[in-house]
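K.L.:
Before I ask anything, let me first share the structure, which is written out below as structure tokens.
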Amino acid sequence: MPPTRVFIVEDEPEIAELIRFHAEREGFEARIISSGGEALAIIERDPPDVILLDLMLPDLDGLEICRRLRWESRTREIPILMVTAKGEEADVVTGIELGADDYVTKRCSPMGRMARLKNVVRRRRPEAVPESLEEASRLRLAGGQVVIDTDRHTVSAGGEAVDLTVTEFGIFRYLASRPGFVRTRDQIISAVHGGNTVLSRRTVDVHVTALRRKLGDFGPLIETVRGVGYRLAESLPAAVGEQ
């Protein structure tokens, strides 16, 4: 099996070389790209397996790159790990809503960065299942108004397709597997990313916020259990369902 190809989009040479060193030590085939415009051109021509994307680039910022990659059918499924200077909440939320799978700060240790890079690579969308098995793969919520197809990795709400990232889909599917049951953030991390994952609980909150927004009127299905985690309501709150 050929090595996993990672594009490191980073304009600071020392940081980029350090990331490449650790990536190659972990078995990745790494390539450094130092500008946003060049990154878009190369990725669209020769898509990698995963992208480690700095948000602060000299010509085209990482958020815009993420938006354009998710817009194009050829590049929208590539896992993206954002790199932020300070972990600013607004940038993190925007990046994840645009389709980034996870984020790390530049202060993150090389080991932590590689762990998260491996995690986003593992979260791939499987191929669709044969037509005869489709119905068995579907979870129906809110009286059938929300449908999760667990094999096709698609979600519809109120008859409209909901475009979720791989991570958002994983969280939604996990919560939907046992409606009414509370899941801690650690349980969600373990179920979606694996038991040995190095991932902050704050990342779960950011993904849930983005997931609720994308679900629109059905966002209240995901309930916060203060001090514990999240659960999926067995039905929409009455005030919402009557709208």
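K.L.:
Does the range 197-214 contain any residue that is surrounded by 12 or more Cβ atoms within 10 Å (Cβ to Cβ), small (Gly, Ala, Ser) and either in contact with a His (Cβ under 9 Å, 6 or more places away or on another chain) or at pLDDT 90 or above (or both)?
P.N.:
Yes.
K.L.:
Looking at (1) outside any helix (DSSP H, G or I); (2) closer than 22 Å to Gly170 by Cβ; (3) modelled with pLDDT under 95, which one does Arg70 not meet, given that it meets all the others?
P.N.:
Every condition holds for Arg70 apart from (1).
K.L.:
Here's another thing I want to ask about it. Looking at Glu44, is it under 13 Å from Gly99 (Cα atoms) and out of contact with any helix residue (DSSP H, G or I) (no Cβ under 6 Å at 6 or more places or on another chain)?
P.N.:
Judged against the criteria, Glu44 is not a match.
K.L.:
Would you point out the residue of the range 1-54, among those that are small (Gly, Ala, Ser) and part of a loop (DSSP other than H, G, I, E, B), that is farthest from Ser73 (Cα to Cα)?
P.N.:
Here the residue is Gly27.
K.L.:
Does the range 80-96 contain any residue that is closer than 15 Å to Leu40 by Cα, part of a helix (DSSP H, G or I) and out of contact with any His (no Cβ under 7 Å at 6 or more places or on another chain)?
P.N.:
Checking the range 80-96: not a single residue is closer than 15 Å to Leu40 by Cα, part of a helix (DSSP H, G or I) and out of contact with any His (no Cβ under 7 Å at 6 or more places or on another chain).
K.L.:
I've got another one for you. Which residues, counting only those in the range 38-87, are under 16 Å from Val6 (Cα atoms) and among the hydroxyl-bearing types (Ser, Thr, Tyr)?
P.N.:
Of everything in the range 38-87, just one residue is under 16 Å from Val6 (Cα atoms) and among the hydroxyl-bearing types (Ser, Thr, Tyr), namely Thr75.
K.L.:
If you don't mind, there's one more thing I want to ask. From the set of residues in the range 138-182 that are of a type in the set (Gly, Ala, Ser) and in contact (Cβ under 8 Å) with a residue 24 or more places away in the chain, which is nearest to Thr75 (Cα to Cα)?
P.N.:
So the residue we want is Gly170.
The values are calculated or read from the model by the stated rules, or taken from the named source; none is laboratory data. This one's a predicted model, so the numbers in the text were calculated from it and none came from an experiment. All Cβ positions, glycine included, derive from the backbone under ideal geometry; neighbour counts span all protein chains shown.
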